[in-house]
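Please treat every number below as a calculation from the coordinates, not as lab data. Predicted, not measured: the structure shown is a model, and the values here were computed from it. Glycine also receives a Cβ, built like all others from the backbone with ideal geometry; neighbour counts cover every protein chain displayed.
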Amino acid sequence: MEPNQSAAIPECPSPTTATSDKNSSPDSSPEVDFDRDTADLTLPLTPCWAVSDSHSPPPSPSHLNQSLTSPLEALALNNTASSISSLHGSLNASLSPPPSPCGLPLTLENLPPELLLHILWYLEPKFIVCTLGRVSKFFHALVSEPITWKIRMGKRWPRGQQYPPMEVPDDFNWQQACMEREETDRLWSDPKENIHHFTLDRHFATVDAVHLMQNGTMCVSGSRDRTAKIWDLSKLTPGEPVPNDAVVKSLELHRGWVWCLSSLDNTLCTGSWDTAIKLWDLNANCQLITSIKERSAVLCTQILPDILVAGSYDKRISIYDVRAEYQPITTLRQHQKPVLCVAADEDYIVSCSEDRTVKVWDRRACQIYKTIQLEKFCMSMWYGQGMLLLGDRRGQVHMYSIGDGGFEEIETIEAHGNKVTGVHYTLGGLYTCSTDKTIKIHEPCSQPTAICTLAETKGEVADICVQAGVVASAHSDFSVGIWRPAM
């Protein structure tokens, strides 16, 4: 399974506004107290313009730690106990305008950062980053602080779950993560209001595979009618029938069920029960690039810039050289039953089989690095962002942290009442689908709860793909489901 891009959030340039001489003191703001029960901010009654020369200091670090609304906030401040006070001091010392003769001017920049964070909690993250963050260097510095976003998420989701559920690097983008999580939660908390649903019904047999490309504007579906259809999702209009020209191309060169799909840039890879892997150039009117013949049915593929990996019914994993016109490199043979899922990156190849094992292969040595034994065999997999997710035939999703090659299990999630046929993770949400005829969007954290359950189909859900906020699903009732955020 190929990991897809998460929801695209536009990046905003840094402000270039010149600043005047800033020399106000970090002690120039009135004290702000937290209510420990409600986590609301309580301001002193004296207005800031009437404060005497002897101002109250910022809240102490211990006071801040007592007022945290969740363990996430405590974690964010654990190693920097005086982060808020230091942030207040450094920003005001270098960026605040000089005080007026009668005291501090009544400006947002002279409010304590604790109070500003409370005000910002009521604003959309995208507005904070793309608008407020460009007003001045003061606000740009404030919204660029990772702790700003850690505290925001701790206040929004105070139940103590770890987010993200895996270990993250020191340069993890907390701003982007918060934006994605809040946007996903907003959309899927009320899908009838925020999401447009379309049903694509041009196949005449079960659809087993679905794949999104080009930032969620193009969808490819593979069916047991032996075709792969390419859909232009920009042709879809809410409330209107799917137009005929929404089908850009119908690829009809396979002689068996089209079972798996993957892509790299504008190269599409299709795998079929006719034992063939076909590569298509979407930039050249879907012209066939090459066809690779395997020994048995092709059940899964992934294409990277340097290799193509394919798992087949005859228990083998085949590796081909993309840069040498897809010439074979090697074959891995350690599974005892058909290989159902494969994924790869520059270090590892991960394969799941009906033999109830997940094997992690060292790419350079072509040797098994680690074997994970499952009680029930894995039917779907997602690999990326430091995490491995496995959906099994019992309805569970097993979550593993890659963590320096550890591949240690984090937890097991009871996701569905039947086989988990598709799983996908973004910083905004965990998406799963099942033969129980539902699609679920879960919180992207440890011990997740479902944000939303979609059950708009009469058939089993065979596959799911997520890209740029768009969700595509394959169904046994011959249809493809598209869920797209309303503009």
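Overview of values
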{"quantity": "Test: residue in the range 380-394 that is touching a Leu at 6+ places or on another chain (Cβ under 6 Å) and in contact (Cβ under 8 Å) with a residue 40 or more places away in the chain", "calculated": "yes"}
{"quantity": "Odd one out for SER296 among (1) assigned to a loop (DSSP other than H, G, I, E, B); (2) in contact with a strand residue (DSSP E or B) (Cβ under 7 Å, 6 or more places away or on another chain); (3) more than 30 Å from LYS249 (Cα to Cα)", "calculated": "(3)"}
{"quantity": "Subset of the range 144-198 that is over 25 Å from SER473 (Cα atoms) and among the basic types (Lys, Arg) - its residue that is surrounded by the fewest Cβ atoms within 10 Å (Cβ to Cβ)", "calculated": "ARG159"}
{"quantity": "Every residue from the range 170-227 that is among the polar types (S, T, N, Q), farther than 13 Å from TRP483 by Cα and outside any strand (DSSP E or B)", "calculated": "ASN173, GLN175, GLN176, SER189, THR206, GLN214, ASN215, THR227"}
{"quantity": "Positions within the range 437-451 being over 14 Å from the mean Cα position of the chain (by Cα) and not aliphatic (A, V, I, L, M), in sequence order", "calculated": "LYS437, THR438, LYS440, SER446, GLN447, PRO448, THR449"}
{"quantity": "Scan of the range 120-139 for residues that are of a type outside the set (Phe, Trp, Tyr) and either under 25 Å from the mean Cα position of the chain (by Cα) or within 20 Å of GLU183 (Cβ to Cβ) (or both), ordered by number", "calculated": "LEU120, LEU123, GLU124, PRO125, LYS126, ILE128, VAL129, CYS130, THR131, LEU132, GLY133, ARG134"}
{"quantity": "Filter result (surrounded by fewer than 20 Cβ atoms within 10 Å (Cβ to Cβ) and of a type in the set (Phe, Trp, Tyr)) within the range 274-319", "calculated": "TYR313"}
{"quantity": "Residue in the range 277-288 that is under 24 Å from VAL247 (Cα atoms), basic (Lys, Arg) and either touching a Cys at 6+ places or on another chain (Cβ under 6 Å) or in a strand (DSSP E or B) (or both) present", "calculated": "yes"}
